[in-house]
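Enquirer: Structure incoming, see below.
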Amino acid sequence: MTLYLLALAIGVVAGLRAMTAPAAIAWAAWLGIVPLVGTPLAFLGHIAAPIILTLAAIAELITDQLPKTPSRKLPVQFIARILMGGLGGAAIGIAGGSLVGGLVAGVLGAVTGTYGGAEARARLATAFDRDLPAALIEDVVAVSGAVLIIALI
């Protein structure tokens, strides 16, 4: 059960910040926390994966603050979040012996994180009367959530 909750949670992180989830999983794979050697996701354990995905996550954290950044609920952004949530969930699932279960939980988490994160951010932005503080809070939740999830694996 814990496996599915962690896979769901990494999907929620992907719904908040699409690239944070795979970056965290790649670091966990490279460090040996999530054993992916000999699996279809073994590429995540190569040193290039966490470096590239971390750079992408940092770029996303920066671009998300820009006023012209498109909504996460548009098809391309939404699909990317579902794919990244599924990838993260599948990796956690493989570690626990259930790739498909982890994949499904990650996708469900990504959908939840996408819509729930958008709603929470909108409400925070209204409360602050501007978006930047809300976006920064969301960044902290996504990054700290990813770290916590990896620590719990």
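The values are calculated or read from the model by the stated rules, or taken from the named source; none is laboratory data. Small disclaimer: the values here were computed from a predicted structure and weren't measured. Here the Cβ is made from the backbone with ideal geometry for all residues, glycine too, and neighbour counts use every protein chain on show. Please note that ligands, DNA and RNA were not included when accessible areas were found on the heavy atoms of the full protein model with its side chains. Shrake-Rupley method; radii C 1.70, N 1.55, O 1.52, S 1.80 Å.
Enquirer: Find how much the distance from Val140 to Leu152 grows on full extension, using 0.36 nm per residue of separation minus their present alpha carbon separation; answer in nm with one decimal.
Expert: Extra length available between Val140 and Leu152 comes to 2.5 nm.
Enquirer: Compute the acute angle (0 to 90°) between the alpha-carbon long axis of helix 2-16 and the principal axis of greatest extent of the alpha-carbon atoms of the chain; round to the nearest 10°.
Expert: Approximately 40 degrees, to the nearest ten.
Enquirer: Would you mind pulling out the separation of the Cα centroids of the range 1-31 and the range 124-138, in Å?
Expert: The range 1-31 and the range 124-138 have Cα centres separated by 24 Å.
Enquirer: Per residue of the chain, what 222 nm ellipticity follows from adding -39500 (n - 2.57) for every DSSP H run with n ≥ 4, rounded to the nearest 500?
Expert: So the helix-based figure for the chain works out to -25500 deg cm²/dmol.
Enquirer: Output the direction-averaged projected area (hull surface divided by four) of the convex hull of the alpha-carbon atoms of the range 60-153, in nm².
Expert: Averaged projected area of the range 60-153's Cα convex hull equals 6.1 nm².
Enquirer: Here's a follow-up. Report the extension gain between Gln65 and Glu119 in nm, rounded to one decimal, defined as 0.36 nm multiplied by the number of residues separating them, less their alpha carbon distance.
Expert: Gain on extension, Gln65 to Glu119, equals 17.8 nm.
Enquirer: If I compute solvent accessible area with a 1.4 Å probe over the protein chains, what percent of it on the range 10-144 is carbon and sulfur? Can you show the working numbers first?
Expert: Details: 5000 of 6560 Å².
Roughly 76 percent of what the probe reaches on the range 10-144 is carbon or sulfur.
Enquirer: In whole Å, what are the extents of the range 99-153 along the principal axes defined by its C-alpha atoms, from largest to smallest?
Expert: The Cα atoms of the range 99-153 stretch 43, 22, 10 Å along their principal axes.
Enquirer: Take every Cα pair under 8 Å in the range 18-73 that's 6+ residues apart, average their separations, divide by the length, and report that relative contact order as a whole percent.
Expert: Contact order relative to length: 38 percent.
Enquirer: Can you tell me how the range 1-115 classifies by the Cα gyration tensor, rounded, prolate or oblate, using a/c under 1.5 as the rounded cut?
Expert: Numbers: a/c = 2.45, a/b = 1.35, b/c = 1.82.
Oblate, since a/c reaches 1.5 and b/c is not below a/b.
Enquirer: About its Cα centre, what dipole magnitude does the chain give when the only charges are +1 on Lys and Arg Cβ and -1 on Asp and Glu Cβ, stated in debye to the nearest 20?
Expert: Roughly 180 debye for the chain.
Enquirer: Another question, then. Can you compute the FRET efficiency between Arg130 and Ile51 using 1/(1 + (r/R0)^6), with r the Cβ-Cβ distance and R0 = 25 Å? Round to the nearest 0.05.
Expert: Result of the calculation: an efficiency of 0.15.
Enquirer: In addition: For the Cα atoms of the chain, what angle does the longest principal axis make with the long axis of helix 48-63, in degrees from 0 to 90, nearest 10?
Expert: Tilt relative to the chain: about 10 degrees.
Enquirer: Run the numbers on the chain and let me know its relative contact order in percent, using alpha-carbon pairs under 8 Å that are six or more apart.
Expert: Computed value for the chain: 38 percent relative contact order.
Enquirer: Ignoring ligands, DNA and RNA, what accessible area per residue does the chain give at 1.4 Å, in Å²? Intermediate results must be reported in sequence, preceding the final value.
Expert: Details: 7680 Å² over 153 residues.
Each residue of the chain exposes 50 Å² on average to a 1.4 Å probe.
Enquirer: Helix 99-128: angle to the longest alpha-carbon principal axis of the chain, degrees 0 to 90, nearest 10?
Expert: Value to nearest ten degrees: 20.
Enquirer: Mind ranking 127-140, 40-53 by how tightly packed they are, going by the mean number of other C-beta atoms within 10 angstrom, highest first?
Expert: Result, highest mean first: 40-53, 127-140.
Enquirer: Taking a ≥ b ≥ c as the square roots of the Cα gyration tensor eigenvalues, with a/c under 1.5 meaning rounded and otherwise prolate when a/b beats b/c, else oblate, which class fits the range 1-56?
Expert: oblate
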